[in-house]
Amino acid sequence: MSIENEPINSPVPKKRRMEERGKGNLLLKLAYILLAVIIWGGLLYGGYNVADNYFKEIHSYLDEEILEMKTQNEEVIEQLERFNEELQFSTEELTMITLELNVIKEALELTGETITGSDQTRFALQEKISELDKRLNQLTTQLIKLEEAARAH
């Protein structure tokens, strides 16, 4: 017996038609739910890929920046080590000149007491003292510049 042969007002065919519609509606609802889950999953997957690529780019950029900073820091450390060596050398040279200057001054005082008539000796010592004073001033200036350069870094 088919639905078409049944009278319209009979209760049995109406029930069957409702069941068939219900099955169709249920399948349609399931198809919509499945479609929504697939779309949601696709959006989730796409969002994950976009975020992953973005973080990879940021990570590589930060790695490059860190490497550049390390290189700059190494260069600054090398410069500071050179400045430190120059500073130590200048300090040692300054100490040597000061000691030599003191020895010459003592010798000049002794010479002045023992050889009062020798202008040539006194002039030579005075020249040596002037030369050492100039060198001392140059080293002091250089020392100040080195200290300023070391503070700048």
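The values are calculated or read from the model by the stated rules, or taken from the named source; none is laboratory data. Computed from a predicted structure; not experimentally measured. Cβ: placed from backbone, ideal geometry, glycine included. Neighbour counts: every protein chain shown.
For Gly24, state whether it is surrounded by 10 or more Cβ atoms within 10 Å (Cβ to Cβ) and modelled with pLDDT of 85 or more. I'd like the intermediate steps shown before the answer.
Working: surrounded by 10 or more Cβ atoms within 10 Å (Cβ to Cβ): yes; modelled with pLDDT of 85 or more: no.
No; evaluated as a whole, the condition is false for this residue.
Name every residue in segment 102-153 that is in contact with a Leu (Cβ under 9 Å, 6 or more places away or on another chain), of a type in the set (Ser, Thr, Tyr) and modelled with pLDDT of 75 or more, in order of residue number.
The answer is Thr140, and nothing else.
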